[in-house]
Structures are given as structure tokens and as C-alpha cells.
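Below is one structure, written out as C-alpha cells, with a few remarks after it.
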């Protein structure tokens, strides 16, 4: 299956899901709650004697750190992919020059 075919299949599945469940926020609420709870539990473990306000602040910082790390990994992957594409092009250009 080509990337275009996979993309089209995913788009069809998404459209069917939206038709079946019009309230998309409600569908994903459990996942969002679980993710948020993970930060809260981690904050509570780090600071067991903290107040609820302090725990909430630490949880927010943990969430921010998680997404910053995720963004950093994404940027690194894009940079590596761009470099690989550049090397592929240099190799292709070199091979084309040898054939000519």
C-alpha cells in the first residue's frame, strides 16, 4: 500500500468515526483525563506533603517538560530526515554525473 493509499484509508476511517460519534471531545476525554492524571500522580510522588495548589503547579510543569521533550525529539527527527534526504540527493547527483 502506498503512502497515499494509507492516508486515504485513514481519512475514510476518520470520517466514518466522526459520523458515528459527533461529539469528538467526549470520545477523547478519557484519554486526556488519564494523561493529566499521570502528571498529577508523578507530582504527588515527588512532593507527598505539598498542598493541592502546589501539586497542580508541579503537574503543570511536568506536562510542559513532557511536551518540550517531545517537540525536541520531533525537531531532531525532522533534521535527521532532511540530512538523509540531502545525502540521498547528493548520491543521486553523483551517480547521474558518472552515467553522463
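Values quoted throughout were computed directly from the atomic coordinates according to the rules given, and no laboratory measurement underlies them. Because the structure is predicted, anything quoted here is derived from the model rather than measured. Cβ coordinates were reconstructed from backbone atoms using ideal geometry, including for glycine residues, and neighbour counts include every protein chain displayed.
Determine, for 46, 1, the number of other Cβ atoms within 10 Å of each Cβ, and report the residues in order from fewest to most.
Working: 46 12, 1 8.
Arranged by neighbour count, lowest to highest, 46, 1 become 1, 46.
Going by alpha carbons, how many degrees (0 to 90, nearest 10) lie between the helix axis of 3-20 and the longest principal axis of the chain?
30
If we count other beta carbons within 10 Å of each Cβ, what is the order of 25, 58, fewest first? Kindly include the intermediate steps, with their values, before the conclusion.
On the way: 25 7, 58 18.
Lowest count first: 25, 58.
Mind pulling the angle between the C-alpha long axis of helix 24-46 and the longest principal axis of the chain? Nearest 10 degrees, somewhere in 0 to 90.
The two axes meet at around 70 degrees.
Per residue and in Å³, how big is the convex hull formed by the alpha-carbon atoms of the stretch 3-99? It would help to have the intermediate numbers written out before the result.
Working: hull volume 12.3 nm³, N = 97.
Per residue, the Cα convex hull of the stretch 3-99 comes to 127 Å³.
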